[in-house]
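As structure tokens, the structure follows; a few thoughts come after it.
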Amino acid sequence: METTLRGDRFPKLVVTIVASIGLAVMLFILFFLVRESYPILLETSLTELFFSTQWYPTYDPPEFGMLSLIAGSLSVTLLASLLAVPVSLFLAVFLSEVCPATLREILKPVVEILGFFPSVVLGFIGMVVIAPWMVSTFEVFTGLNLLNASALMGIMIVPIVASLAEDSLGSVPKDLRDASYALGATRLETITRVVVPAALPGILQAILLGVMRAIGETMVVLMAAGGAAIIPRALTDPVRPLTSAIAAEMGETPVGSDHYHALFFAGLLLLLLTLALNLAALRIEKRGRRWR
């Protein structure tokens, strides 16, 4: 018995060390971003950073208004989520509750593999295929716009949300389904009134993880969003999210300049947004455990 207890301590020690290293890395990243972002606050105010739409960091004097960049990130994420989440949930319900077992063994791995599809390939498709098609079909000024980037982003979100939501639906005990059928409920009623509510915390967590994936995506929005630092007023307007601004401008920015520190501040905003969504997902998971 004593030997078994000693043997159990080693895996626990390994997990603790790995978790501690991960936490230390996250704290170091946060410290580094705060250190590199702080100098921009000495040159401008938070009011200008958050509420000004004038992003002209190379002008003299420079302007660092990030409202248009924040609006670009939120608009792409929101539209992509609106397009992807319903499709993801229908796909998850189909795989978990309706799909025959033989077909499910094929579709489930395919959906999970699509989650690893390279984002740069999707961005290239958006540039050379979707953008010209939108210009010729809808007669818009440019095909590199909010709708193009959001549609491609939605394609990236679907496999993540669908796979995780399907796992949550599959974890609902079979006894709940049997009890629903025994009371005379149909399959549709069982799915909508028993299975989905029971799996709702896991489904919401899957949606939040998909949203986090969209907020942090870089290549798709860099290649397909258009790169205009404006607040979009239509689906066909070009946008410039925070991630694409960092990727496009960091390589040509002098180290230590105000522009350099402003881009690190944008990275800090992205990290804080992601941490907020992570905390929301953990809160939902804890509430789900209480409900169960």
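Annotations
Conditions (1) within 18 Å of PRO232 (Cα to Cα); (2) part of a helix (DSSP H, G or I); (3) not hydroxyl-bearing (Ser, Thr, Tyr), marked per residue:
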{"site": "LEU103", "(1), (2), (3)": "no, yes, yes"}
{"site": "SER136", "(1), (2), (3)": "no, yes, no"}
{"site": "THR142", "(1), (2), (3)": "yes, no, no"}
{"site": "LEU152", "(1), (2), (3)": "yes, yes, yes"}
{"site": "ILE155", "(1), (2), (3)": "no, yes, yes"}
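- The set of residues from segment 45-62 being closer than 18 Å to TYR260 by Cβ, without any contact (Cβ under 8 Å) to a residue 24 or more places away in the chain and surrounded by 15 or more Cβ atoms within 10 Å (Cβ to Cβ) comprises just one member, GLU48.
- Pick from segment 191-209, criterion without any contact (Cβ under 8 Å) to a residue 24 or more places away in the chain and not basic (Lys, Arg), ranking: surrounded by the most Cβ atoms within 10 Å (Cβ to Cβ): VAL194
- Scanning segment 210-247 for residues that are within 18 Å of GLU36 (Cβ to Cβ) and either surrounded by fewer than 18 Cβ atoms within 10 Å (Cβ to Cβ) or not β-branched (Val, Ile, Thr) (or both) yields LEU242, ALA245, ALA247.
- Of all residues in segment 83-108 being under 21 Å from the mean Cα position of the chain (by Cα) and free of Cβ contacts under 8 Å to residues at least 12 places away in the same chain, the one that is farthest from LEU152 (Cα to Cα): PHE90
- If you go through segment 170-189 and keep only what is under 27 Å from GLU105 (Cβ atoms) and either in contact (Cβ under 8 Å) with a residue 40 or more places away in the chain or assigned to a loop (DSSP other than H, G, I, E, B) (or both), you end up with GLY170, SER171, VAL172, PRO173, THR186, ARG187.
Coordinate-derived values only; no laboratory data. Owing to the predicted nature of the structure, the values given are computational and were not obtained by experimental measurement. So basically every Cβ, Gly included, is an ideal-geometry build from the backbone, and we count neighbours across all protein chains shown.
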